[in-house]
Every structure is written in structure tokens, then in C-alpha cells.
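The values are calculated or read from the model by the stated rules, or taken from the named source; none is laboratory data. Bear in mind that the values here come from a model prediction, so they are computed numbers and not experimental data. Heads up, the Cβs are rebuilt from the backbone with ideal geometry, glycines too, and the neighbour counts pull from every protein chain shown. The protein model used for the area step is the full one, side chains on, heavy atoms only, and it has no ligands, DNA or RNA in it. Shrake-Rupley method; radii C 1.70, N 1.55, O 1.52, S 1.80 Å.
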Amino acid sequence: MNRPLRVLQIVPSVSLVYGGPSQMVLGLSKALATQGVEVTILTTDANGDAGQPPLAVPLNCPVAQDGYQIWYFRCAPFRRYKFSAGLLSWLLRHAHEFDLAHIHALFSPVSSLAAAIARTRHLPYILRPLGTLDPLDLQKKRLAKQLYAALLERANLAGAAALHFTSAQEAQTSHRFGIPTQDWILPLGVEPHPPTHLPIPPSPHPPTLLFLSRIAPKKGLDLLIPALEKLTEEGLEFRFILAGSNPQEPEYEQQVGDRLQSSPLASRTTITGFVTGEAKQALLHQADLFVLPSYYENFGIAVAEALAAGIPVVISDQVHIWQEVEQAEAGWVVPCEVGALAAGLRQALQNGDERGRRGQNARYLAQTRYGWRAIAQTLIAHYQTLLPQSPSEDGRP
């Protein structure tokens, strides 16, 4: 192929409120663009539930950003489900202009229908499930998802050129509804940890423990809070920062806040709410230890960001990059049990020298395993396998 590869990235939203997995499409597109790929992102202006204003972005026109184009479409008529009739209409008209589509999220109407359109337009497409095929996730609204799969997702899986999983464990555990699939296992990337311009005090003593993620039941806060209370009862000194929010489940977020306020942890806990940009980097800068004891996590981009900042991590063995963390000795890995989590945290908090050693390993792991440039190069090689071969490439005259 003499001209650049033309790739569509389709994702329901890139708003920060939906967390890292959606946001990573921006980093991926930037990395692909630096390698000469012509990338166009199709997304909506969705920005949380119906009570939140949409993203303040230009609509129905290309916006140049970091070497690629991004098209935002009005989230309508079903705003709650991040649906966009305008996006799908545009795809129907322009699908033939691209070599392939990389579609992010299943069980999301705009992504599901985009895959169906790609299939009817003979546009090869890759699906990235974002953890939606995890058996635990499929138990949520189980009957509705079974019907949805019968109507749309089974055909989408069968027609996909490949499924993009971000870890081997995600691929192994994901349910396929009986459909054989071609699987690509490629991690997500993180940017190098930049210096912060905010005034940061010296690393305090006692050590600071950071939880920085969406406040959701699957994140294991029902394990973390009792584990930290146990350490408090033992007299172990530490500071705890809870950073994150969940506009889609405000009741749960309130329950967590109320629990902490009435807990022995209250005097040593800071709740920051949602943070981004330099405020987020400042938290990473001052943290001595990062914790995420999720019940299931198809990748764990917040963990990768902590690793890039040189912070050792304490994670559960259901965060699907745990094997890389364990092999690199970049942190501590524990099962999803209060006692085991308390033991891992105790060991990490009591040994500053070991935290320092594992923090150095963490930074090296992020640089070598989760650098965007290498990920983009590997992904482009995968993309190339989906393109029609020219006569000179397949050996025929």
C-alpha cells in the first residue's frame, strides 16, 4: 500500500467521567499518528448521565488534535446510552473511505450498530471489549445482555476480524457466546510521568497510600476499608488518599464517603473527589504506595499510570496485569480477601527500602511494557494483516 493506512477509531465517549479505558483511545490515536497512520476518531459529546451538560466541543466537523482528527456527534436521541444517530449516519456514508475500524466497547448501542454497519459495508473491524465479556460483568442485567447478544453482539463477534484484549487473562476469561474469535493481546499505554508545576511538600512520614480510580463496587473498596481499619487497630501509621468519583452511581460514592467518615480511618483519610491534569499528577508525586484490590479489571490503566510514576502497587490477582507486576517485582499481589490485602499492605507500608526498590522496578516496567510507541508499532503490524494483499505481496503475477 503506497498511501498511509486509514483507520477509524470508534468509541461511545472520550469524556474523563467514563474513566481511563475510553480516554486511552486518544493516546492510542496519537501514537498511531506519529507512525504515519491517518486516524479518525468517531465519538459523541456524552459526558455523564442526563443531568450533566454534554462536552463543550464542536459537533459534526473534524477537529485536529495531536496528529489525528476527531469527530464529535450529538448524543441523541438516547443520551443515557451514549447513542448518536448522527455518528451512525456519518459512518454509513463514509465507511468506504477507510481501511479498517477499531471499535471500543461492547453492549453499547453506538458501538454495536457501528460494527453492524462496518460489516454491511465490508469494512474490516476489530472489537475491544473493555471488560464487558468478563463473566462477572455479564451477570449485571444478565437477561437483558443475553437478549442484546442474541440481537447484535453474537453477529458482531462472528464478523469481527479480531478481538483486542489488553491482557492474556482478559482473553482467557472472556465469554464469546460460542463464537470462535481471532484474539489480539496488546496492552494499553501510558505517557511518561511528567514533572508537576504545583508546589508539592516533601514526602510525608508516615507513608501515603493512594487509591485513584472510579468509586465503584468492583474496585474492592469493601475489602480495602476493612483492611486499612485492621492496620489502624494494630497501630500502623499511614495516610490514606481516596481519589475518584462515580457520577453514574452517586449513591455508592456517598456510601463509601459515609463509611470512611464514621471509621477509625477518618482522621488519616483525605477524600479528593475526581482529579485530573496537574492535580492528578500531584497526587501521584506524593504517593508512596498505590492500591487497587479490584474484583475484576481487564487491564487497570490507573495501575499502569502509577507504575509509570515509579510508585509500587498493591493490587489483587483479578487486576489482569498482576502477572507482569509480580514478575517485575513492581509491587505486591494479593487475593481478594481482607486478611490477605491487610497482610500485603502491612508488608509494603512497613518497609520503605523495599518500596523504593519496587518503585524503581515499577517505572522500568511501565517504560518497557506500556510505552505507546512500541504498542503502536505492534498494532500497525496487526492491522496490516487485515489488508488485501497486492499481487507483489502474495507472490502471484
Carbon and sulfur: what percent of the chain's accessible surface (1.4 Å probe)? 53
Identify which of THR132, THR276, THR44 has the largest mean-square fluctuation in a Gaussian network model of the chain, with springs joining Cα atoms closer than 10 Å. THR276
Note on the chain: contact order normalised by length, alpha-carbon pairs under 8 Å, 6 or more apart, percent, works out to 14
Highest GNM mean-square fluctuation, the chain, Cα pairs closer than 10 Å: which of ILE215, ILE301, ILE241? ILE241
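Quick check on the chain: take the gyration tensor over C-alpha atoms, sort the square-rooted eigenvalues as a ≥ b ≥ c, and tell me if it's rounded (a/c under 1.5), prolate or oblate.
Prolate, because a/c is 1.5 or more and a/b exceeds b/c.
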Taking Cα pairs under 8 Å and at least six residues apart, what relative contact order does the stretch 295-397 come out at, in percent? 27
LEU136 and ARG119 label points (each 7 Å along its Cα→Cβ direction) are spaced in nm at 3.0
Compare GLN172, GLN367, GLN350 in a GNM of the chain, Cα atoms joined below 10 Å, and give the one with the largest fluctuation. GLN172
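Calculate for the chain the 222 nm mean residue ellipticity that helices alone would give, adding -39,500 (n - 2.57) per DSSP H run of length 4 or more and normalising by residue count, nearest 500 deg cm²/dmol.
Details: 16 runs with 158 residues, N = 397.
Rounded to the nearest 500, the figure is -11500 deg cm²/dmol.
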Rounded, prolate or oblate, given the Cα gyration tensor of the stretch 198-290, with a/c below 1.5 counting as rounded? oblate
How large is the accessible surface per residue of the chain, computed with a 1.4 Å probe and reported in Å² as a whole number? 44
